[in-house]
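Throughout, read-outs are computed from the coordinates displayed, never taken from laboratory work. Every value quoted in this text rests on a predicted model; they were computed, and no experiment measured them. When we count neighbours, we look across all protein chains shown, and the Cβ atoms used for this are built from the backbone with ideal geometry, even at glycine.
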Amino acid sequence: MKMKKAKILTALGLVGSLALGTGSALASGGEVHLKHEHWSFDGYTGSYDQAALRRGLQVYRDVCSACHSLDYVAFRNLSDEGGPSFPEKMMKAIAAEYEMPGIDDEGEPIMRPGASPDYFPSPYANTTQAEAMNGGAMPPDLSLMAKARRDGPNYIFSLLTGYEEEVPHDVEVLEDLNYNPYFPGGQIAMAQPLYGDDVEYADGTEATIEQEARDVAHFLMWAAEPRLEERKTGGRKALLFLIILSGLMFLCYRMVWSDVDH
Amino acid sequence: MAHQSNYNPSNGFTKWMDERLPIIRLGYDSFVEFPNPRNLNYWWTFGAVLAVALIWQIVTGIVLAMHYTPTVEGAYASIEHIMRDVNYGWFLRYGHANGGAMFFLAVYIHMFRGLYYGSYKAPREVLWILGMLIYFLMMATGFLGYVLPWGQMSFWAATVITNFFDAIPWVGGSIKTLLLGGPAVAEPTLNRFYSLHYLLPFIIVGVVILHIWALHIPGSANPTGIEKKGPQDTLPFHPYFTVKDLFAVAVFATFFAWFLYFQPNAMGHPDNYIEANPLQTPPHIVPEWYYLPFYAILRSITFDIFFLKAQLLGVIAMFGSIVILFFLPWLDRSKVRSMRYRPVMRFFFILFVLDCFILGWVGANSPDVTVLGIEAKNIGLFSTFYYFAFFMIIMPVVGMMETPKPLPEGIHESVLARSGKGASKHADGDA
């Protein structure tokens with residue numbers, strides 16, 4: 001009977017993992033395989049690389065922000081622990097470089113410098129303007145892009161470096177679209193945004209296209225999941241606690257049941 | 001409760017209370033002294049896991065509701081507010097979303113266990129029916145909750161599911177309008193879904209109380225399927241089963257915590273991190289994994305039968321696949337409960353479990369995907385057929401035809417035989 005029990009358990013486990021597997025296999029949709037980068041935030045002990053986040057912010061501000069909003073990130077977040085962790089002064093200086101709508105003491109509408117509670121402003125006044133300026137389709141907000149695509153950081157990296165790839169002979173690229181094998185359908189409206197040397201990194205890192213793509217993907221992962229470090233630190237403690245608790249409960253169980261047949 | 005109460009109030013207060021509201025007696029009889037079959041295996045610990053899961057969902061849900069905004073304008077942003085600005089908001093939200101999936105995982109194990117060991121058979125029919133009612137309410141609650149984040153999958157799941165009702169003749173359109181609060185998924189829909197998502201869990205609590213009450217009349221079934229005959233067959237609930245259940249809950253919590261902390265989005269769909277957009281249909285609309293088999297049944301019928309349209313037949317099949325579970329106690333004609341002693345039925349049961357997983361795979365994939373040259377929709381149709389055949393043909397027929405293996409004389413004898421001790425040894429431990 002023990003054997004049978006084990007068999008049933010294995011069978012259930014196997015089909016269980018199959019069921020979970022199909023979900024992700026399905027969502028990737030059978031498109032080309034994404035490039036696989038090493039990310040410091042992967043794994044049980046993963047955390048963000050502060051320098052990469054700061055460089056990624058630079059790429060976002062100098063390149064992406066011309067067309068893409070970052071609605072859910074506030075300037076104050078740039079000083080958050082587990083993020084780019086800018087000193088408050090620097091964060092406020094970054095915020096002040098933006099102009100935000102406000103009112104003066106008389107209640108008249110004015111433009112004022114950005115402050116820490118403000119959010120990154122959208123490059124557009126409204127959706128209609130965004131669509132009109134981009135051939136009818138609004139460039140998506142980037143706050144959650146790293147979670148809104150399967151394997152987001154690798155997707156962003158692959159997409160940004162995917163313009164370099166040669167167009168296959170049997171593909172006819174439509175007018176106003178660009179070939180990019182990593183985009184669903186293979187043709188994307190966004191023109192190649194990064195070529196290398198698009199930014200001059202404050203920390204002196206060489207701004208190759210791969211470096212820029214990797215940094216901005218890293219930054220966007222933080223933008224999408226700013227509490228990742230808190231989560232993983234908590235997770236290590238919680239798992240350790242629960243494993244020990246399970247062990248102790250098992251010993252209690254054995255002790256209590258030691259004097260009876262079962 | 002069904003067994004003799006042996007509770008003795010020991011002090012003035014408990015004596016006073018016992019004469020007025022014997023709630024301590026109820027607790028003592030139900031969860032301390034209650035005699036449980038001593039041969040329960042780990043499959044029986046999922047009842048406790050489910051009780052904890054329900055409480056977990058309600059507690060995290062109540063706190064989430066404090067921060068959530070049920071408006072089209074604000075819902076999606078309020079989820080992000082929870083994830084970013086609320087203290088441990090990510091923990092609550094990932095805990096609630098993954099907790100829902102864990103709840104379903106546990107309930108499926110619990111149901112398959114009931115099916116395998118014949119726990120639904122007399123005198124436990126009402127217990128089983130209440131369980132099915134809980135399951136049905138869970139499905140409704142899960143669906144309503146999935147809509148609340150107002151992501152792309154939320155919106156389109158709501159659209160697709162409520163469209164089923166259109167298939168019902170005459171009244172379908174009105175039912176759909178009532179559910180949606182208008183012609184399409186919009187703010188009134190979100191408002192009523194939020195209200196109902198908050199309400200249904202408490203109805204589940206009510207039915208769970210009835211479920212436990214119904215359980216405590218005959219007591220738990222057990223792997224042998226033989227009723228307990230005397231004290232040699234049982235052990236008191238506390239400490240024997242409390243400690244075993246707590247162990248199981250701790251192990252299950254470890255598994256859950258791994259998802260919550262390290263793979264919180266593995267079971268979700270990335271499209272739900274895109275705000276709902278009524279003008280843009282996602283390429284694949286897929287429900288959460290725990291609905292996939294039913295989604296496959298819904299889509300499996302692609303042909304009309306006489307005047308019945310395929311869409312209506314799909315809806316009938318999907319609801320039928322759940323309704324049929326309520327009739328299990330009467331579909332099974334076997335006198336033996338446990339499939340441990342029913343080799344033929346056991347074979348069909350294993351096929352049935354596989355069938356559910358195949359249906360899940362079909363539900364997750366587009367109908368024209370092919371495996372070994374067979375289209376998924378044909379696999380779905382065949383699997384749907386087996387799903388119903390298992391209950392409507394195999395269960396009654398095998399029940400009448402099969403010759404079961406010899407049953408042990410009693411629970412205690414079976415326990416002794418399994419632990420390798422002779423049947424001559426006397427009862428111990430629980431005097």
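The stretch B:54-109 and the stretch B:336-362 have Cα centres separated by 35 Å.
When each of A:E175, A:E88 is scored by the number of other beta-carbon atoms lying within 10 Å, the sequence from fewest to most is A:E175, A:E88.
For peptide B:231-240, compute the average count of partner chain beta-carbon atoms within 10 Å of each residue's beta-carbon. Present the calculation step by step, with values, prior to reporting the outcome.
Values: counts 0, 1, 0, 0, 5, 0, 0, 1, 5, 5.
Neighbouring Cβ atoms belonging to other protein chains average 2 per residue here.
Mean separation of Cα pairs under 8 Å and 6 or more residues apart, divided by the residue count, gives the stretch A:74-118 a relative contact order of 40 percent. With a Förster radius of 35 Å applied to the beta-carbon distance between B:L308 and B:L210, the computed FRET efficiency rounds to 0.45. Its relative contact order, with pairs defined as Cα atoms under 8 Å and 6+ residues apart, puts the stretch B:313-405 at 44 percent.
Separation of the stretch A:142-158 and the stretch A:30-88, taken as the distance between their Cα centroids, equals 11 angstrom. Sparse packing (at most 15 other Cβ atoms within 10 Å of the Cβ) combined with a DSSP loop state is found for the following chymotrypsin sites (Phe, Trp or Tyr not before Pro) in the stretch B:45-149: B:Y88.
Among B:L215, B:L26, the ranking by other beta carbons within 10 Å of each residue's beta carbon, starting with the fewest, stands as B:L26, B:L215. Shielding by partners for peptide B:281-291, expressed as the average number of C-beta atoms from other protein chains within 10 Å of each residue's C-beta, is 1. Averaged over peptide B:361-368, the number of partner chain Cβ atoms lying within 10 Å of each residue's Cβ comes to 3.
For the stretch A:74-118, the ratio of Cα radius of gyration to the globular rule of thumb 2.2 N^0.38 Å stands at 1.31.
Taking every alpha-carbon pair under 8 Å whose residues sit at least 6 apart, chain A reaches a relative contact order of 24 percent. With 10 Å bins beginning at zero, the pair-distance distribution over Cα atoms of chain A amounts to 6, 21, 28, 19, 12, 8, 4, 1, 0 %.
Between the stretch B:1-46 and the stretch B:303-324, how far is it from one alpha carbon centroid to the other, in angstrom? The stretch B:1-46 and the stretch B:303-324 have Cα centres spaced 47 Å from each other. Under a Gaussian network description of chain A, with springs only between Cα atoms under 10 Å, the residue in A:N77, A:N178, A:N126 that fluctuates furthest is A:N126. Under the simplified labelling scheme, the B:D85-B:M392 pair shows an inter-label distance of 5.5 nm, with each label point 7 Å from Cα along Cα→Cβ.
Using Cβ counts within 10 Å as a stand-in for footprinting exposure, how do A:C64, A:C252 rank, fewest first?
Working: A:C64 22, A:C252 16.
Fewest to most other Cβ atoms nearby, the residues stand as A:C252, A:C64.
Rounded if a/c is under 1.5, else prolate if a/b is larger than b/c, else oblate: which is the protein assembly as shown, with a ≥ b ≥ c the root eigenvalues of its Cα gyration tensor? Prolate, because a/c is 1.5 or more and a/b exceeds b/c. Spin-label pair A:N126-B:F385: with each label point 7 Å from Cα along the Cα-Cβ axis, the two points sit 5.8 nm from one another.
Quote the FRET efficiency, to the nearest 0.05, computed for A:K35 versus B:M139 with a Förster distance R0 of 35 Å and r equal to the Cβ-Cβ distance. Show your work: numbers first, answer last.
Numbers: r = 40 Å, r/R0 = 1.14.
Using R0 = 35 Å, I get an efficiency of 0.30.
Just grab the label-to-label distance for B:L21 and B:E125, each label 7 Å out from Cα along the Cβ direction, in nm (one decimal). So the label points at B:L21 and B:E125 sit 3.5 nm apart. Of the two radii for chain B, the radius of gyration is 1.00 times the Kirkwood radius, both from the alpha carbons; that is the Rg over Rh value. Legend: residue pairs B:K15/B:K229; B:K121/B:K228; A:K92/A:K147, Cα-Cα distance threshold 26 Å; pairs beyond threshold, B:K15/B:K229; A:K92/A:K147. Placing a label point 7 Å from the Cα of B:I58 along the Cα-to-Cβ line, the residues of the stretch B:122-152 whose backbone N sits under 19 Å from it are B:130-145.
Between the exposed loop cleavage positions of chain B, defined as trypsin sites (Lys or Arg not before Pro) in a non-H, G, I, E, B DSSP state with at most 16 neighbouring beta-carbon atoms within 10 angstrom, the longest gap is B:1-228.
With one equal scatterer per alpha carbon and no solvent term, the Debye-computed log10 I(q)/I(0) for the stretch B:221-294 at 0.23, 0.24 1/Å reads -1.11, -1.14.
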